[in-house]
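The values are calculated or read from the model by the stated rules, or taken from the named source; none is laboratory data. Because the structure is predicted, anything quoted here is derived from the model rather than measured. Cβ placement follows ideal geometry from the backbone for every residue including glycine, while neighbour counts extend to all protein chains displayed.
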């Protein structure tokens, strides 16, 4: 058994706690670790960044506890109850393959050769590449479904086009999405890319797994996923080979004429259509072996005899799209063109109605027609998606048919709908705190009501891809107001659901847009603060510090005392994360002095008592880290009195936990126990799973120390 006070064991505990910062329990443990390390070493120790610094801190702790048995016992007690990284709880499975599939025998054999070759330490990875509509995705899924018995520990599928980001998800997001498929809760996924990669490797080690990464755009998205584990096979689907990815390339070309004829016959038969033998050569020639074109032709044959709908417009797949669009009624064709102006990950009838200037019922009718023509794909929850191939064609046609002004106005209507949807949902998801804007909460659209904060938060998360796409569109159109309002509306998602990697490009766009308009406005300052809070959670501390400093400067220039105090307070929270407890305390003191300038009827006065209570709590945390127990207790008791009086169950529980941590750290574990029990009771209906986990671990430690 490994000695818990050895350098390796201490480093392992610090590494595990550092990778658990995605949830409240992990943040508490990290802060507690910082205070304990400071006490053990006898002075300030900065929070380690990177493996080398972490091992250096572990060595300092090891040297100190070897000299003092009491400190060794304190470290051992903490290490035994410290949180550990998440672990897989689910066996993921592929969704169904296409019903009609033919040929591709050579490509399937090539996949099998790479998947089942003798293990030699190299990652097993193959890239299926070919033009749009040629069937690369269908081939990957069909091969996977026929080989399910070879991968009993799971088959993961990830569509890399479906997150709303203009260039697809970044590598860190790819890792998070795969870990979620394993059943690792979002709050247990490490914020850092390296820690996510380590956790994914732990999830895949000694398992027989298939991973399909569809619509890949770069080797950078793929490389962190690769592993030398002999049972893991990765299939990458892309339009072209990916430079920088050492993999078996498998090109996918047109179907042979006999296989194209068979596929067309099978699809047409399923639609109860008898093929016109006289038209068959023309159909096959026009489709040129493209499975997408053949399926589209078969769909049109179900409605009318074959006729050449439009002039060829490039390759067979693009021509098939043109044929299908040509066969639409004019209002449906216009709907497709306008909806195709942005790469919306998915949209429902309300958003489509706003884009088209129609009511929901008419928008739903047009979407149903487009789905019947296979020009949009139906998703769960009454939502739709446009394939990239179709979107590219329709967006180009829109410029010719509708003109630049009409297409731009359609995008602006989509942005306005997103703002109108997001702001009320945000207000319902997070009723406390403050936001820039007019007085009162924004009214939700007609017919939209949220039963509780959780339902509103889920609604925001479900639309996140479209909201991020809307922020990008607003930035391109120079609509800084919409960029800011959407980013501010997404604060509850950032605060309560993480998604920090997904939100980061939008927040950066928000800073650029508001600074370009005027760097000394409240909006620019607020964007810097939101960006800094995001960067803090991602562990990018130097850039977070720069963002908070910029926010404080802009808030001060704008004369916005409430925002200025928030920016300085946020810098203090960053210092807590870095174990710089004295600097954190100084920031909280400075923020409180800034609040002194708010008059009784001034802006932000209504929020003032709560803001001061939060600062009291934060000062108590900083004082605990400094080992100033009595001062910490007094600050925390003051904050606790406010939260109890205002019946804020969650903040009451948080402050009780801080106070219990203070008693435990100062050698008074018996005094901590009733506070832990009160905090547990306060969280009974708060769904604070990770906070409760932390309380149970803290209680276990305190009980042991009292015996």
Check: Residues in region 165-188 that are part of a loop (DSSP other than H, G, I, E, B) and within 11 Å of the chain's Cα centre (by Cα): how many?
Finding: 3
Margin query: Looking at 10, 40 in this structure, which one is crowded, with 16+ Cβ neighbours inside 10 Å and without any contact (Cβ under 8 Å) to a residue 40 or more places away in the chain?
Written below: 40
Check: Residue check: is residue 644 in a helix (DSSP H, G or I) and under 19 Å from residue 496 (Cβ atoms)?
Finding: no
Note to self: Return the residues of region 466-481 that are in a helix (DSSP H, G or I) and over 20 Å from residue 554 (Cα atoms); say none if nothing qualifies.
What the structure shows: 466, 467, 468, 469, 470, 471, 472, 473, 474, 475, 476
Checklist line | Matching option when the condition is within 25 Å of residue 425 (Cβ to Cβ) and at pLDDT 95 or above, among 498, 563, 572, 532 | finding: 532
Check: Could you list, in sequence order, the residues of region 372-384 that are surrounded by fewer than 19 Cβ atoms within 10 Å (Cβ to Cβ) and either in contact with a strand residue (DSSP E or B) (Cβ under 6 Å, 6 or more places away or on another chain) or part of a strand (DSSP E or B) (or both)?
Finding: 377, 378, 379
Margin query: So for region 96-105 (the condition being modelled with pLDDT under 90 and within 28 Å of residue 200 (Cα to Cα)), does at least one residue qualify?
Written below: yes
Notebook entry, point to check: Considering only region 207-242, how many residues are assigned to a strand (DSSP E or B) and either over 20 Å from the mean Cα position of the chain (by Cα) or surrounded by fewer than 23 Cβ atoms within 10 Å (Cβ to Cβ) (or both)?
Noted result: 11
Notebook entry, point to check: All but one of (1) surrounded by 14 or more Cβ atoms within 10 Å (Cβ to Cβ); (2) in contact with a helix residue (DSSP H, G or I) (Cβ under 7 Å, 6 or more places away or on another chain); (3) at pLDDT 90 or above; (4) in a helix (DSSP H, G or I) hold for residue 59; which doesn't?
Noted result: (1)
